[in-house]
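Single-structure report; data block below.
The values are calculated or read from the model by the stated rules, or taken from the named source; none is laboratory data. On a predicted model such as this, the values are computed, not experimentally measured, just so you know. Cβ coordinates were reconstructed from backbone atoms using ideal geometry, including for glycine residues, and neighbour counts include every protein chain displayed. In case anyone asks, the SASA skips ligands and DNA or RNA and just uses the protein heavy atoms, side chains included. Shrake-Rupley method; radii C 1.70, N 1.55, O 1.52, S 1.80 Å.
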Amino acid sequence: TSLTTNADVSVPAGATVTFEKLVDMTLITPDGSKITVQGTTNKPNSGATLTTTMAKVEVYASLDGIFYGTSTDPLATSNRNISAQPGTVGYKPAAELLFIGGQNIDGLIKDPVSGNPQFSTTATLSTRVTNQAGGMSDLVFKLDLTDTSLQAGAFQITNSTQNGQALARLTNVTVDNQGRIVGIYGTGTQKFVGQLALVHFDNFEGLMPVGKNAFAATNASGTEHSAEGVVVGRAGTGIFGDIKPQALESSNVDLANELVRLMVLQRSYTANSQSMRAFDQTLRDTLQIIS
């Protein structure tokens, strides 16, 4: 190390002058990376601060083209982790990374046993969105930026992983014998989307027919808000039976009895027709004799 100065220094008689040298040194991380630092000393407990050149990278996130941290973000909610400060303009970073020698500073020190970084760089983005049913659902993204690296070159993807599923559309809806409504998607995933409720009326004769084999509750039968006489529950529990999905209800008509009744009516109609014909013929003959 050397100290170079071009200034003229005058020292009063009896005064003591101490020069601090600017030290350039190289530190080697456990994985072998070399970092050049500067400072007045590298002695332990000296209180001196060593400095080095670091690169700062800001990470931004957007959902459907809308950036997190904007003052006009329609997805902003009170429980969201990333939000804009009042009065600010522009986007707020979801995370800030510092790189030394192309490596994330949090990942420089490795665990000697597992080899994983002892410090992590994570950022969580959360919001609430409207689902297909019209309700609100929590949407949470966790960004793990611990092992990121900074390369002095053009943009390129060195590694890409996905822990989610591809877009799938609803292909079928089924109801099991307990009344559970299950949605089946194109990827084979099944999702519970609802429960079919059954209602028991003690005074079922008070129900009002509304057509197509359907009935509506009345004051006589009681409603689901009644204190007595009406029970709401699930299939297969208590007094409720099971639901038979994908089953065709059999006819409740006695075909043999109806055919016999049809034959009797047909014979009666034929006999009445013959009687009317005989009476008509008799009346015609009488009128001819009179004339």
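Between I109 and A168, the modelled label-to-label distance comes to 4.4 nm, taking each label 7 Å out from Cα in the direction of the beta carbon. Once the chain from R128 to N272 is taken as fully extended at 0.36 nm per residue, the excess over their C-alpha distance is 44.1 nm. Take the Cα of M136, step 7 Å toward its Cβ, do the same at L150, and the gap between the two points is 3.9 nm.
Given a 1.4 Å probe and the protein chains as shown, V59 ends up with an accessible area of around 30 Å².
Carbon and sulfur atoms: what percent of the 1.4 Å accessible area of the range 97-168 do they account for? C and S atoms contribute 51 percent here. With a simple spin-label model that places each label point 7 Å from the Cα along the Cα-to-Cβ direction, the separation between T223 and T282 comes to 6.4 nm.
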